[in-house]
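Worksheet: the structure to be examined is printed underneath.
The values are calculated or read from the model by the stated rules, or taken from the named source; none is laboratory data. Predicted model only: the values in this text are computed from it and were never measured. Counting neighbours? That spans all protein chains shown, and the Cβs are built from the backbone with ideal geometry, glycine included. Please note that ligands, DNA and RNA were not included when accessible areas were found on the heavy atoms of the full protein model with its side chains. Shrake-Rupley method; radii C 1.70, N 1.55, O 1.52, S 1.80 Å.
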Amino acid sequence: MRIHQLRSMSVWMFTAWIVTTGCHPKKPFRFRDTWDSTPSYVKTVATEIEYPKVQSYLNANTTQIPEPLRLENPAELPNRELLLPEAINLALSNGDILRSLNASVVQINPLGVITKFNPALAEADPRIGVEAALSAFDARVAGRFFWQADNRPVNIDISDPIIGLFQVANFRGDLANFNYEITKFTATGARFAARHVVGYDYNNTPNRLYDGAFNGWFEAEWRQPLLRGAGVQYNRIAGPGSPNGVYNGVLIARINADITLADFEDGIINYVNEVESLYWELYFAYHNLEALVAGRNSALLTWQRVKELERVGARGGDAASEAQARSQYYGFDVQVREALTGPRGLYAIEQNLRYLLGLSATDGTLLKPVSQPMEGSVVYDWQTSLRDALTCRVEVRRQKWGIKRRELELLAARLNRRPTLDLVSQYRWRGFGDNLIDGYAAESSNSLYQDIFSGKYQEWFAGIEWGYPVGMRQAGAAVTHARLSLAREQAILEESELRISHDLSTASRSIARAYNLMEANFNRQQSDRDQVAALQARYEGGLDNINFLLQAQQQLVASQSAFFRSLVDYQLALRDFHREKGSLLLYNQVNLSEGPWASEAYEDAQQRGRFFAPRTRPNVTVPRPVSGGSFDPTSVGTGWSSEVTSNPETVVEASPG
């Protein structure tokens, strides 16, 4: 009985605990106004969405545009004839953004947007840019100047008169310290320093020659690494004083800039590719609309003829024939409206092309392509095209830059796997005096600088510093990481070349397919036109019903649209082939080049070239070049230019003779 009561009480207490704690919904939090009904600052101000005070760049192409085109007749609107080279030139000239219909600038994080500023931003990056890497070799100046006042008791008994001659019970003094130095790293890893130190000490200690005295020196220091951190090659790759796994040298920065240029060129290629695609799509939209309008006009004439026959009660003028002809007309009318204002209609494509060209959405005119498509068969040499694709593709060049960067990193990692062995030397001219420059009394001693320049006190030391971490684990891990990174980049290059060969094969096959379809659709169009003429005559002669004529009219419109579709597909297939071959920009007469440097840069390069010329300075060691210079687009198809790699340890460069 007792146990049963205890169990009942426990169940009751547990139930009460659940009810009072966690089994009821929490009351939602709400802002409460103060007792005097004043709105809360947190509720009215702190929770509001604010807008930054930034100037908007609203121009006439954005704000002063007419209403968009809807169902206006394109034949009644003024046209702006546009050649394909003119469209590409207009696109590259208007604005600093490489526009794309597949990407949006109006987004929360527009980091993927490619602009004309990207190469310059990479060059001027204060972290990984070329100038940032060169700044490691700049002379650095550091200085400090401090005053200090001391006033403290001394824990010593001076009741003894002898001790009182040498000690004071309360130490008081004024101190000043000035330190100024200039340091600089060289390309060989050496560190030079010139330093000047001046100290002033004034205190009440007994038996001092001068109550206040200056003590200072000039010194020069030189530290030259012999193993780790030594050599021009290492410092060009990793930079002076870089730890294991960090490579911020001039060569790495230059390769990063070249990779950024390759990315920018790839963006230009995609931009030109999209502009040309929309140009030919607009060409097709015009001719497709023209075919549909011709079909609608033909259906209208047929409908009017059937209605006239029905009115006079002639043969072929029955109600069923009239309804069929009317349905044919309205069917074509729906297709015309869709081809004009649909999502893939003429107005939509024309507006998309306007966006890529950097023009306003509407300006009262219609862009009209006037470049004539190529209708003849294109003959090309397959082996030359394949070599060009494996040599000139920007993706291949970018990946080879990545491999070159990993090779240099592997070299620097191996050089880092060495102990530290530095030669250190220092020479100092010291001085002392009660005045800084000149004494003001005859009994004054020489000043500090007079003492220094007299050369009475000269000090020097020279020696060797040696050290290394036992096991070299971090350095060994850096070598392994660099070797694996190089192997990965080589595997990516091999896969990229395989993919390029497949893509070029697909593009080649697409050219043949598009040309054959264009020929077939041209013959089909001619056959359908002859069929319509023959069935028109038979229907007017009363030999056939209207079904055959209406079906033939539909076939004629479809074949005309298919012919222009295959004609445009042939142009796009040629474009795709040039893109896969790496010659799309050359095909569209687009040339990329870096702007000129400042005149002082050329003069400096000329002077350095004379200084490092082997004929004038045979004892100077010049590092091995990393790249072979710019690529001449006129040499496309003349030979190979690639890097053949056998394993991460060995790299063999091959180039055409």
- Heavy-atom accessible area per residue - the stretch 299-395, 1.4 Å, Å²: 50
- Message: Tell me which trypsin sites (Lys or Arg not before Pro) from the stretch 304-377 have a DSSP coil assignment and no more than 16 other beta carbons within 10 Å of their own.
- Response: 315, 344
- Task: Work out how much length residue 79 to residue 145 would gain on full extension: take 0.36 nm times their residue separation and subtract the Cα-Cα distance, in nm to one decimal.
- Result: 16.2 nm
- Message: If I model a spin label as a point 7 Å beyond the Cα along the Cα-Cβ vector, how far apart are those points for residue 597 and residue 495 in nm?
- Response: 3.8
- Message: Under 5 Å between amide hydrogens, which residues at least 5 positions from residue 317 or on another chain qualify, with H placed 1.01 Å from N in the peptide plane?
- Response: none
- Note on the structure: Subtracting the Cα-Cα distance of residue 124 and residue 529 from 0.36 nm times their residue separation yields 139.4 nm
- Message: Apply the Karplus curve 6.51 cos²θ - 1.76 cosθ + 1.60, θ = phi - 60°, to the phi angles in the stretch 329-339 and return the couplings in whole Hz, x for Gly and Pro.
- Response: 5, 5, x, 5, 5, 5, 5, 5, 5, 5, 5
- Query: Can you give the three extents of the C-alpha atoms in the stretch 346-494 along their principal axes, from longest to shortest, in whole Å?
  - Reply: 105, 54, 28
- Task: Express the carbon and sulfur contribution to the solvent-accessible surface of the stretch 454-504 as a percent, rounded to the nearest whole number, probe 1.4 angstrom.
- Result: 57
- Computed lengthening from residue 330 to residue 154, 0.36 nm per intervening residue step minus Cα-Cα distance: 52.0 nm
- Residues with amide H under 5 Å from that of residue 79, placed H, sequence gap 5 or more: 366
- Note on the structure: Restricting to Cα pairs under 8 Å and 6 or more apart, the percent relative contact order of the stretch 242-361 works out to 26
- Query: Under a plain spin-label model, where a point goes 7 Å from the Cα along Cα-to-Cβ, how far apart in nm are residue 464 and residue 72?
  - Reply: 8.8
- Message: Tell me the per residue accessible area of the stretch 450-518 using a 1.4 Å probe; a whole number in Å² is fine.
- Response: 67
- Share of the stretch 132-222's accessible area from carbon and sulfur, percent, 1.4 Å? 61
- Under a Cβ-Cβ cut-off of 14 Å, what is the net charge of the residues other than residue 202 that fall near it, where Lys and Arg count +1 and Asp and Glu count -1? -3
- With every protein chain kept in place and a 1.4 Å probe, the stretch 217-297 has an accessible area per residue in Å² of 32
- Task: Quickly work out the residue 307-to-residue 203 label distance, labels modelled 7 Å from Cα along the C-beta direction, and quote it in nm with one decimal.
- Result: 11.9
- Message: I'd like the distance between the alpha-carbon centres of the stretch 522-549 and the stretch 450-492, rounded to an integer number of Å.
- Response: 90
- Task: Would you mind putting 427-433, 509-515, 115-121 in packing order, based on average other-beta-carbon counts within 10 Å, highest first?
- Result: 427-433, 509-515, 115-121
